[in-house]
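See structure below.
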Amino acid sequence: MLPRPSLPDADPPGAETLGLSGEEAIQFREQGFVIKRGLVSAGAFRPFLDLWWRQPPVTTANMTSADPDSWVSPGDRWPDENRWSLAKNWMGRGAWPTPEDERRGAAVGERVGRLPHKLTRDLSNDVWRWHGIGHDPGFVEVTSAHPSVLHMAEALLGGPVKRPRRNRGIYAIFPRDPAGSVSKLGPHMDQSMTEMIVITYLHDVEPGSGGYTFYPTSPQLLYPTSEQALNWVATNESKDVMDHIKTNVQPIEFTGKAGDVLFCHGWMVHSAGIHESDKIRMAVVQDFNKVRPRSHMRWTAAGKHGAERVSCDMGGVFTFPLDKDDDPADGDREVTNQWIMDSNEFVLSRHRPLDDMFAEWNLGRLSVRGQVVDEPAWWEKYGLPLLPTGSVPRGGGGTPAVRLDKIARYQGEGRWKVDSHANEWM
Ligand SMILES: [Fe+2]
C-alpha cells in the first residue's frame, strides 16, 4: 500500500510538549510509535551538516550545498576508494582490504562490513550512510544523548535507559536520476537487539521526499510470533505475519521539520521512503535499549578455503564444518561485528514473549527521574578499536576484523566459544 504522510494535524495532543501525554501513550501501545515535534533545536545540527559537506566523497563527487543539480544520483561520481578514514588496523596491522586483496584470514572478496564513506545504489535512489559520525561524542550529544531525547526514552521504555554511546550516523537519500526507475518501498525489520528505534530529522522532510516509512501496528503483530521477547527469533508464523503486514497495513511516511523525532518499537517494519523530490533526505537513525544483563557480542567469521562464512549463535558458539579443506581449528580467521550498532550484545534473558508486550515498558506510568546509565560501550568492554585514532579524521573510524582466536576459544569438533565480558562493569 502507498504511504500516507505523518501530518501534524494527525498527531495526538502533546506532540509539541516534552513528555508523553495519555493519548500519546495509547497510540504507542496500540500502533507502536509517537512523533515529537521540534524536540531538538535544529541549530544544534549546523556544525555536523557543515562537516557533511566537507567529507571526502561529497567533495570528490563535486557536490555543493549551493547547487541542487549536483545532488542528483551522485553514485556515478562517488569515489571507489572509501577507506581513507580508517586506521591501518585490519586484523591488528594492515589496511582495510579492497575486494581484490589477498587475505590471510579470509577468502578474497569476503565482506569487510560497513565503511564510513560507502554509498549504495538502492532500489532507485543512491544512499550514503555516514556511519563514521555516529560515534562522534559531540554528535551523540545533540542527537541520541540530547536531554529531551533521553527524557522521552525514559518516558517510553522506562529506566534504567542505557545512554547511547553511538548511533548509526546520518543517512542521506539523494534525488534519483529522473531517467531511472521510480522509487519504491522495501519493507523489512532489522532483526537486531534494538528495543526502540529513534529517527531524528536534520532537514525538513516533505511528503514524497524519502521520509522514514513505517508500518504502524507491525510490532504488535510480530511480537507474539518471536520465540523470545528480547532477542528476535523468527518462526514460520513470523513470515506469514510479515507477508500480511506488507500487503494489508498502510505505511506512514514520517514527514516533518528539522528537529522532529520519531520513536518506534524496535520491531517496527520499515522502509526507506519513496523519494521523488529534488532534496537530500538527511536523518539520524538511532537504537535505544534498557540496561540489561547481556551475553556475548554477535560476531561473524569470514569464509576461507572454500568454506562459507559462519555467525555465532545465541549461545556464543561458532560451528565450522569438518568436511571442508578449511581447518576448523584455525584461529587466524577474520571476525567482524555490526559496529554501526550501539547494542551489539544479545540479551541474556531468553524468556518467551509476555502476554502484554509492554509489561516492562513505562509508557508514561512513572514520571521521568533521569534513570539513564552511562554504561561502558561495547568497544570499551571488549577493548576493540572503533574511534578515530592517529591521523584518522573526525567522522571516520570503525571496528576492523580481528582474529577469531582473540575473541573465542577452540573447543574441538569445529566449535569455537565466544568470550563474554558483558556484565563485568555492573
Ligand atoms: Fe532497516
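Readers should treat all values here as calculations from the given coordinates under stated rules, not as data from a laboratory. Predicted, not measured: the structure shown is a model, and the values here were computed from it. Don't worry about glycine lacking a Cβ; one is built from the backbone with ideal geometry, like all the others, and counts go over all protein chains shown.
Can you give me the pair-distance distribution of the range 3-137, C-alpha pairs, 10 Å bins, whole percents?
Reading upward from the zero bin: 9, 26, 25, 23, 14, 3.
Could you sort out which of K184/K246; K162/K406; K381/K417 sit more than 23 Å apart by Cα distance in this structure?
The pairs that break the limit, which is 23 Å between Cα atoms, are K162/K406.
What list of ³J(HN,Hα) couplings, whole Hz, do you get for the range 279-292 from phi and the Karplus terms 6.51, -1.76, 1.60, once you set θ to phi - 60° and write x for glycine and proline?
9, 8, 8, 10, 9, 9, 9, 9, 10, 10, 9, 7, 6, 8
Checking understanding here: applying a Kyte-Doolittle mean of at least -1.0 and a length along the axis of at least 24 Å (C-alpha), which whole DSSP H helices in the chain pass?
Qualifying helices, which must be both long enough and hydrophobic enough, do not occur.
What are the radius of gyration and Dmax of the range 239-279, computed over its Cα atoms and given in Å?
Gyration radius and largest Cα-Cα distance of the range 239-279: 13.0, 37 Å.
Distances longer than 15 Å among the Cα atoms of the range 252-303: what percent of all pairs is that?
The answer is 67 percent, as a whole percent.
Take each of the peptides 131-142, 51-62, average the number of other beta-carbon atoms within 10 Å over its residues, and list them starting from the highest.
Peptide ranking by packing, descending: 131-142, 51-62.
Do any GluC sites (Glu not before Pro) in the range 291-372 lie in a DSSP loop with no more than 13 other beta carbon atoms within 10 Å, and if so, which?
The qualifying sites are E308.
Under the rule of at least 5 residues apart or a separate chain, name every residue whose amide H is placed under 5 Å from the amide H of G109.
D101
About its Cα centre, what dipole magnitude does the chain give when the only charges are +1 on Lys and Arg Cβ and -1 on Asp and Glu Cβ, stated in debye to the nearest 20?
So the dipole magnitude of the chain works out to roughly 820 debye.
Over the range 55-153, what is the relative contact order in percent, taking alpha-carbon pairs closer than 8 angstrom and at least six residues apart?
So the answer I get is 17 percent.
Of the listed peptides 3-10, 186-193, what is their order by residue-averaged count of other C-beta atoms within 10 Å, with the highest listed first?
186-193, 3-10
Take every Cα pair under 8 Å in the chain that's 6+ residues apart, average their separations, divide by the length, and report that relative contact order as a whole percent.
24
Lys/Arg Cβ at +1, Asp/Glu Cβ at -1, dipole of the chain taken about the Cα centre: which of H203, N337, I252 is farthest positive-ward?
N337
Please report Rg (one decimal) and Dmax (integer) in Å for the Cα set of the chain.
Cα radius of gyration and Dmax of the chain are 21.5, 64 Å respectively.
How much space per residue, in cubic angstrom, does the convex hull of the C-alpha atoms of the range 160-212 take up?
Enclosed volume per residue, from the Cα hull, is 130 Å³.
Quick one: what does P(r) look like for the range 108-267 with 10 Å bins over all Cα pairs, in whole %?
9, 31, 38, 20, 2, 0
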